[in-house]
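J.: I have a structure I would like to understand better, so I am pasting it below and will then ask my questions one at a time.
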Amino acid sequence: MALVESQTDTNLRLTTQATEGSLTMGVFSSAERMGHTHVLFGTDDASGLRAIIAIHSTALGPALGGTRFHPYETEDAALTDVLRLSRGMTLKNAAAGLDLGGGKAVIIGDPRTEKTEHLLRAYGRFVDSLSGLYITAEDIGTTIDDMAVIGRETRWVAGQAHWDGGSGDPSPATALGLFSSLQAVAEHLWGSSDLVGRSVAIQGVGKVGYHYAELLHRAGVKLYVTDVWQPSVDRAVAELHATAVAADELLTLDVDVLSPCAMGAVLNEDTIPLLRCAAVVGSANNQLAEEKDAERLADRGILYAPDFVVNAGGVINVADELRGYRNERAVARVKTLQMRTKEILARAAEQGVTPHQAAVDLAMERIQAVSGLRTLACR
């Protein structure tokens with residue numbers, strides 16, 4: 001049974017109501033359908049904070065997942081995103097072998113214009129109100145510096161700076177895991193993990209996408225890039241000799257690999273028929289708009305490497321902080337994503353299912369084996 005909590009204190013109001021544009025999608029029905037245990041709404045009038053924390057599962061441990069700061073068009077869009085993202089974290093953490101559950105948070109607003117210390121500290125108190133049930137970290141729109149501010153109000157935050165004993169920016173680790181997974185895909189498709197001469201189209205060359213592009217450039221890959229932030233494109237062109245492509249053209253390029261590294265739901269019934277790639281390997285969360293899209297990709301002969309598997313490098317790196325961070329240990333574990341991806345692709349081929357389904361099954365088997373749970377809504 002999903003729980004939508006409401007409580008009040010002098011610093012922060014957690015509420016299920018909004019004064020304008022109230023949620024219409026049905027919080028309880030959506031949370032129950034997707035298997036969530038907690039959905040909490042936090043507001044702070046003085047700072048302008050509007051945030052949602054969604055906890056999907058704590059079967060393997062406290063829920064760990066980043067905080068996304070994004071100017072959602074509607075509150076319904078923010079709720080939909082946080083529910084999907086938190087469910088994905090359950091699968092990601094389980095598939096990565098972490099003893100952590102799945103959770104995620106979103107702050108509604110433009111991080112370039114609305115982010116303030118006042119707001120971040122109010123959000124930190126929101127996180128702290130859960131007493132460790134949810135541990136936050138970076139995501140799109142938040143940074144190491146933001147985690148330091150949030151950490152002044154709560155100890156339930158990871159992704160701290162190296163000088164503060166943390167793991168630092170998780171983007172390089174996410175990129176390394178993605179690159180390692182791509183090597184597994186290359187070996188599966190072409191018999192070698194060598195990427196020299198291959199072509200990759202990257203949608204989004206911000207934090208993770210740029211580090212990933214750097215690794216590909218060093219490996220001799222031809223790069224095509226697009227991003228909503230033009231300076232990021234200009235940097236990739238200047239420093240990595242990438243070819244800039246319009247956003248609406250990237251999906252139609254005849255390339256070896258498409259790498260969605262921005263927002264989710266890019267793979268859907270409208271875009272999949274346009275694809276001309278052999279594989280999709282990207283860091284964006286929830287790349288499939290719906291479960292059927294995994295079958296649509298398979299029907300077109302396109303290998304889809306499950307996003308929650310190949311983009312797990314960042315959370316693996318961040319999770320190491322909970323043990324007392326050691327870079328060598330974290331990097332070694334991130335690199336195991338190559339073998340994990342190979343395992344999933346082989347399992348999918350052997351069982352005659354999509355790689356996405358094989359990855360979901362692997363994650364669920366671990367959750368059930370550790371927790372004894374018989375059912376969990378992850379599909």
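J.: Which of the numbered conditions does Arg33 fail, given that it passes all the others? Conditions: (1) over 19 Å from Val157 (Cβ atoms); (2) part of a loop (DSSP other than H, G, I, E, B); (3) charged (D, E, K, R).
T.: The one condition Arg33 does not meet is (2).
J.: OK, next. Going by the conditions given, is Asp139 out of contact with any Cys (no Cβ under 7 Å at 6 or more places or on another chain), at pLDDT 95 or above, open to solvent by 20 Å² or more (accessible area, probe 1.4 Å) and acidic (Asp, Glu)?
T.: Values: out of contact with any Cys (no Cβ under 7 Å at 6 or more places or on another chain): yes; at pLDDT 95 or above: no; open to solvent by 20 Å² or more (accessible area, probe 1.4 Å): yes; acidic (Asp, Glu): yes.
Taking the combined requirement at face value, the residue does not satisfy it.
Let's see how each residue does on (1) within 29 Å of Gly65 (Cβ to Cβ); (2) without any contact (Cβ under 8 Å) to a residue 24 or more places away in the chain; (3) crowded, with 17+ Cβ neighbours inside 10 Å:
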residue	(1), (2), (3)
Glu249	no, yes, no
Thr252	no, no, no
Glu269	yes, no, no
Arg276	no, no, no
Asn286	yes, no, yes
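J.: The conditions are (1) of a type in the set (A, V, I, L, M); (2) buried (at least 23 other Cβ atoms within 10 Å of the Cβ); (3) in contact with a Leu (Cβ under 6 Å, 6 or more places away or on another chain), and Ala219 fails exactly one of them. Which is it?
T.: Ala219 satisfies all of (1) of a type in the set (A, V, I, L, M); (2) buried (at least 23 other Cβ atoms within 10 Å of the Cβ); (3) in contact with a Leu (Cβ under 6 Å, 6 or more places away or on another chain) except (2).
J.: Go over the candidates Val257, Val309 one by one and state the one that is β-branched (Val, Ile, Thr), within 22 Å of Ala349 (Cα to Cα), out of contact with any Pro (no Cβ under 9 Å at 6 or more places or on another chain) and in contact (Cβ under 8 Å) with a residue 12 or more places away in the chain.
T.: Working: Val309 fails: out of contact with any Pro (no Cβ under 9 Å at 6 or more places or on another chain).
None of the other options fit; the residue is Val257.
J.: Hey, among Ala173, Ala213, Ala244, which residue is open to solvent by less than 40 Å² (accessible area, probe 1.4 Å), out of contact with any Leu (no Cβ under 8 Å at 6 or more places or on another chain) and modelled with pLDDT of 95 or more?
T.: On the way: Ala213 fails: out of contact with any Leu (no Cβ under 8 Å at 6 or more places or on another chain); Ala244 fails: open to solvent by less than 40 Å² (accessible area, probe 1.4 Å).
From the options Ala173, Ala213, Ala244, the qualifying one is Ala173.
J.: Yes or no: segment 52-59 includes at least one residue that is out of contact with any strand residue (DSSP E or B) (no Cβ under 9 Å at 6 or more places or on another chain), open to solvent by 10 Å² or more (accessible area, probe 1.4 Å) and of a type in the set (Gly, Ala, Ser). Give the derivation first.
T.: To start, the set of residues in segment 52-59 that are out of contact with any strand residue (DSSP E or B) (no Cβ under 9 Å at 6 or more places or on another chain) comprises none.
The answer is no, given that none of the residues of segment 52-59 is out of contact with any strand residue (DSSP E or B) (no Cβ under 9 Å at 6 or more places or on another chain), open to solvent by 10 Å² or more (accessible area, probe 1.4 Å) and of a type in the set (Gly, Ala, Ser).
J.: Can you pull out every residue in segment 184-206 that is charged (D, E, K, R) and free of Cβ contacts under 8 Å to residues at least 60 places away in the same chain?
T.: Once the filter is applied, which keeps residues that are charged (D, E, K, R) and free of Cβ contacts under 8 Å to residues at least 60 places away in the same chain, segment 184-206 yields Asp194, Arg198.
J.: Given the conditions (1) within 21 Å of the chain's Cα centre (by Cα); (2) more than 13 Å from Ile52 (Cβ to Cβ); (3) not aliphatic (A, V, I, L, M), and given that Arg125 satisfies all but one, which numbered condition is not satisfied?
T.: Every condition holds for Arg125 apart from (1).
J.: Taking only pairs six or more apart or across chains, which ones have beta-carbon atoms under 8 Å, a first residue in segment 52-64 that is at positive phi and touching a residue at least 40 places away in the same chain (Cβ under 8 Å), and a second residue that is open to solvent by less than 10 Å² (accessible area, probe 1.4 Å) and in a strand (DSSP E or B)?
T.: Short answer, once both residue conditions are applied: Gly61/Gly101.
The values are calculated or read from the model by the stated rules, or taken from the named source; none is laboratory data. All values derive from a computational prediction rather than experimental measurement. Cβ coordinates were reconstructed from backbone atoms using ideal geometry, including for glycine residues, and neighbour counts include every protein chain displayed. SASA here: full protein model, heavy atoms, side chains in, ligands and nucleic acids out. Shrake-Rupley method; radii C 1.70, N 1.55, O 1.52, S 1.80 Å.
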